[in-house]
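This report concerns only the one structure given below.
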Amino acid sequence: MKFNLQDTFSTDLPADPNKNNTRRQVFHSCYSYAIPRVPSAPVVLHVSDFAQTLGITEQETQSDSFKEIFSGAKLIVGSTPYAMCYAGHQFGHWAGQLGDGRAINLGEVVYNNKRWALQLKGAGETPYSRTADGLAVLRSSIREHLCSEAMYHLGVPTTRSLSLCLTGDEVLRDMMYDGNAAYEKGAVVCRVAESFIRFGNFQIFASRGDKKTLQLLADYTIRQFYPEIDLGSESKYAALFAAVADRTLNMIVGWQRVGFVHGVMNTDNLSILGQTIDYGPYGWLEGYDRGWTPNTTDRQHKRYRYGNQPAIALWNLHQLGNALYSIEQVAEPFEKTLRGYQQKYVEAYFDMMRQKLGLNTEEKTDISLIEALELNLELTETDMTIFFRQLAQLTLSDTPASALDTVDFAFYKPAELVGEIKATWEVWMKQYLARLVQENRPVEEKTAAMNAVNPKYVLRNYMAQLAIDAADSGDYSLIDELYQLLKEPYAEQAENEKWFAKRPEWARHKVGCSMLSCSS
Ligand code: AMP
Ligand code: MG
């Protein structure tokens, strides 16, 4: 296995001159060198199709060399691994220096004229590990590996995952932060992206008044990832900010469309490329509920609840804007971008919802139709994924009553669909059916269009947990089964119908299914 390693991040940007792997504050540097920890008994559990994008053959994925490199046992020839330096706001509070505490970058490899940064998550201590161990457990690694790939296939911008390895080492974790620490299997995921730069990478230099390094990083980002921006322009950082805002907005619309709740939208967990990054205590809406977050660490304020994600992205953009503004000191274009976000988001959201409803054209009344739907979906617990998928089956000859029958499968307690609730739904169905008649789109075309944006299969919280429970007892087969399923989330997949089901009752309050902490 040979890689064409050509790292730009470490060659173009200043390194921490201290090469010791000791925990410390790091200044005027974008990264520190750190070597992955050698695992005691590595095993490759799963490799994704992303291997092909990197030019790794099927046979190579089964080689010792693959296992050694992607578990951290051996380095790619010529690699000088490093951990990035960044800061961030956590749950709305400035946290100062954070950095890659358990992610080690192996470097960027070029294949087919594309450059990919490879990063091992859970590969041991770095200067940014603070009080933690630099490791990751199997459960969170399965979740990251499966969900990154699932998001990609859903068409939502995301970092990718190449591989999932067991390290053979045990890792101590207090999963629910309740004093019940236990040993769990350690694991390493190899993540891949064009870059892992986050909002926090800019914030750290701005917070320290280190304009020089901030500017180097911002210029690097433009040069590598936003080549459409003129590096000679006086307002290039404002242009960068505007471009990042657009990409972030697009990502959030994608999350809202598929019912994904990130769970920890701290500024260190927002990619400068507008890609979903850092899969921790994320979750999928089962019952549609704008107030829902899977993250028990956020139970009190629910800052990162589903319905708040667009507003939090804007809050985070404010922080990034402050950092980039500190170089050019011309506020107006930054303010314009922030003001524009609100308007653009609303437009993009309603466009997306129109697509979910199979509406091709724009009518003024669509907004109230969509807003009413949001309320209706919360009247009685309604499975978001199943609802939209069933809704696609309506025809122009449906009545409100027959339409309700078609979506009935989405209701957790169909018996609650009586009286006021039923009447409210019938009113909505009547309006929706009238709107479909008005559009008069060929019904197959409408259904196909809806099925192309409303997934049939998502990584429901309990599904990931089933794979985790099986893996804990040594059966890793469900990881690949789910991986294969989620490669075609919009296809019917008759043989996989069992996964097109509401969350089973046992999973309602189970740890890992509806309750997740940041412990990983
Ligand atoms: P997260 O909330 O997972 O994005 O992590 C926030 C910060 O804590 C980042 O700087 C991580 O690198 C760091 N971190 C999380 N878990 C660990 C760990 N087990 N060891 C070292 N650092 C960690
Ligand atoms: Mg993070």
Checklist entry - With r defined as the distance between the Cβ atoms of residue 477 and residue 211 and R0 fixed at 51 Å, what FRET efficiency is calculated, to the nearest 0.05? => result 0.45
Next on the checklist: Using a Cα-Cα cut-off of under 28 Å, which lysines could be cross-linked to residue 302, ignoring same-chain neighbours fewer than 8 residues away?
Outcome noted: 121, 344, 356, 413, 456, 502, 510
Checklist entry - Which aspartates and glutamates does residue 364 reach when only Cα atoms under 15 Å apart count, and residues fewer than 8 places away in its own chain are ignored? => result 347, 351, 439
Checklist entry - So how tilted is helix 331-356 from the main axis of the chain? Cα-based, degrees 0 to 90, rounded to 10. => result 40 degrees
Checklist entry - List the aspartates and glutamates whose alpha-carbon lies under 18 Å from that of residue 236, not counting same-chain residues fewer than 8 positions away? => result 219, 228, 246, 328, 332, 335
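Multiply the residue separation of residue 363 and residue 315 by 0.36 nm, subtract the distance between their alpha-carbon atoms, and state the gained length in nm to one decimal.
Here the answer is 14.2 nm.
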Checklist entry - Between residue 510 and residue 421, how many nm apart are label points set 7 Å from Cα along the C-beta direction? => result 2.4 nm
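Carbon and sulfur atoms: what percent of the 1.4 Å accessible area of region 361-440 do they account for? Walk me through the numbers before you get to the answer.
Values: 2100 of 3770 Å².
The C+S portion of the solvent-accessible surface of region 361-440 is 56 percent.
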Checklist entry - Using the heavy atoms of the protein chains alone and a 1.4 angstrom probe, what is the accessible area of region 361-440 per residue in square angstrom? => result 47 Å²
Checklist entry - Which FRET efficiency, nearest 0.05, do residue 131 and residue 397 yield, Cβ-Cβ r, R0 60 Å? => result 0.40
Checklist outcome for this item: Here the residues of region 366-391 lying in the modelled label zone of residue 434, meaning backbone nitrogen under 19 Å from a point 7 Å along Cα-to-Cβ, are 366-376
Checklist outcome for this item: Cβ-Cβ cut-off under 11 Å around residue 307, Lys and Arg +1, Asp and Glu -1: the net charge is 0
Item to check | residue 346-residue 235 pseudo-label distance in nm [points 7 Å out on the Cα-to-Cβ vector] | outcome: 2.4 nm
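What FRET efficiency comes out for residue 4 versus residue 405 if R0 is 51 angstrom and r is the Cβ-Cβ distance? Round to the nearest 0.05. Mind dumping the intermediate values first?
Details: r = 58 Å, r/R0 = 1.13.
The pair residue 4/residue 405 has a calculated efficiency of 0.30.
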Item to check | Overall Cα dimensions of region 361-440 - principal axes, largest extent first, Å | outcome: 34, 24, 23
Next on the checklist: I'd like the accessible area for residue 488: 1.4 Å probe, protein heavy atoms, all chains in place, Å² to the nearest 10.
Outcome noted: 110 Å²
Item to check | Percent RCO, i.e. relative contact order, over region 361-440, from Cα pairs under 8 Å lying at least 6 residues apart | outcome: 38 percent
Checklist entry - Which value, in Å² and to the nearest 10, is the accessible area of residue 444 when all protein chains are kept and the probe is 1.4 Å? => result 140 Å²
Item to check | Length-normalised contact order of the chain in % [C-alpha pairs under 8 Å, at least 6 apart] | outcome: 14 percent
Checklist outcome for this item: In Å, the C-alpha Rg and Dmax of region 90-230 are 17.1, 54
Checklist entry - What percent do you get for the relative contact order of region 312-459 when only Cα pairs under 8 Å and 6+ apart count? => result 29 percent
Next on the checklist: For region 9-197, place one equal point scatterer on every Cα, skip the solvent, and apply the Debye formula. What is log10 of I(q)/I(0) at q = 0.10, 0.15, 0.18 Å⁻¹?
Outcome noted: -0.40, -0.92, -1.32
Checklist entry - In deg cm²/dmol and to the nearest 500, what is the mean residue ellipticity at 222 nm of the chain if only DSSP H runs of at least 4 residues count, each as -39500 (n - 2.57), divided by the residue total? => result -12500 deg cm²/dmol
Item to check | Intensity falloff of the chain expressed as log10 I(q)/I(0), Debye formula with alpha-carbon point scatterers, at q = 0.06, 0.08, 0.09, 0.12 Å⁻¹ | outcome: -0.29, -0.52, -0.66, -1.15
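Quick one: dipole size for region 180-257, taken about the Cα centre, charges +1 on Lys/Arg Cβ and -1 on Asp/Glu Cβ, in debye to the nearest 20.
Numbers: 10 positive and 8 negative charges, 54 e Å.
Charge dipole of region 180-257: 260 debye, to the nearest 20.
The values are calculated or read from the model by the stated rules, or taken from the named source; none is laboratory data. As the structure is a computational prediction, the values presented were derived from the model and not from experiment. For neighbour counting, all protein chains shown are included, and Cβ atoms are generated from backbone atoms with ideal geometry for every residue, glycine included. Just so you know, the surface numbers come from the protein's heavy atoms only, side chains and all, with ligands and any DNA or RNA stripped out. Shrake-Rupley method; radii C 1.70, N 1.55, O 1.52, S 1.80 Å.
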